[in-house]
Amino acid sequence: AAKTQWEPDAAPWFEKVPTADIQNNFHRKAAWLEAVLETSRTHAKRGPFGIFGTAIAGTWLGGMIPETSFFVDEDVHRIGKTHLGKPVRHPDELHPHESVLIAFPHEIAVSIQRRLASTSKGTFILP
């Protein structure tokens with residue numbers, strides 16, 4: 001059987017995007033990540049600092065911020081265990097002097113913050 005080579009022009013779902021647009025998008029997202037890192041570093045120096053979420057974003061951020069004191073998660077299978085050597089706590093276990101960065105895109109982080117605000121005593125930081 002003859003092999004067929006994948007051709008972008010033949011794929012109806014393939015959209016050609018100008019290189020400049022790709023570069024601008026990349027730089028915008030990289031700048032956002034750098035800002036999240038800087039915000040996290042600033043808060044981590046002020047006192048007990050945690051990261052909400054133990055998935056990809058939280059893991060990356062926890063690896064980048066060694067001053068992270070703990071992680072916060074709602075998954076009952078993760079609470080009480082450790083992640084990257086730090087304890088995983090439930091949001092309701094937070095104290096008023098503890099700050100937690102919600103490691104999600106802003107719109108999702110706002111939704112999480114609103115939901116947890118009535119039961120959690122910690123201070124949530126939005127990216």
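The values are calculated or read from the model by the stated rules, or taken from the named source; none is laboratory data. Nothing here was measured: the structure is a model prediction, and the numbers come from that model. Glycine also receives a Cβ, built like all others from the backbone with ideal geometry; neighbour counts cover every protein chain displayed. SASA here: full protein model, heavy atoms, side chains in, ligands and nucleic acids out. Shrake-Rupley method; radii C 1.70, N 1.55, O 1.52, S 1.80 Å.
Quick notes on this one:
- Test: residue in region 98-111 that is open to solvent by 30 Å² or more (accessible area, probe 1.4 Å), under 18 Å from F124 (Cβ atoms) and touching a residue at least 40 places away in the same chain (Cβ under 8 Å): yes
- Identity of the residue in region 15-45, of a type in the set (S, T, Y) and closer than 24 Å to I112 by Cβ, that ends up surrounded by the fewest Cβ atoms within 10 Å (Cβ to Cβ): T42
- Scoring V36 on the criteria (1) touching a Pro at 6+ places or on another chain (Cβ under 7 Å); (2) without any contact (Cβ under 8 Å) to a residue 60 or more places away in the chain leaves a single failure, condition (2).
- W13 fulfils the conditions (1) under 19 Å from S99 (Cα atoms); (2) outside any helix (DSSP H, G or I); (3) modelled with pLDDT under 95 except for a single criterion, (1).
- Residues of region 46-65 that are assigned to a loop (DSSP other than H, G, I, E, B) and open to solvent by 20 Å² or more (accessible area, probe 1.4 Å): G47, P48, A55.
- In the set V76, V72, only one residue is β-branched (V, I, T) and within 16 Å of I112 (Cβ to Cβ); that residue is V72.
- Residues that are of a type in the set (G, A, S) and open to solvent by less than 60 Å² (accessible area, probe 1.4 Å), drawn from region 66-87: S69
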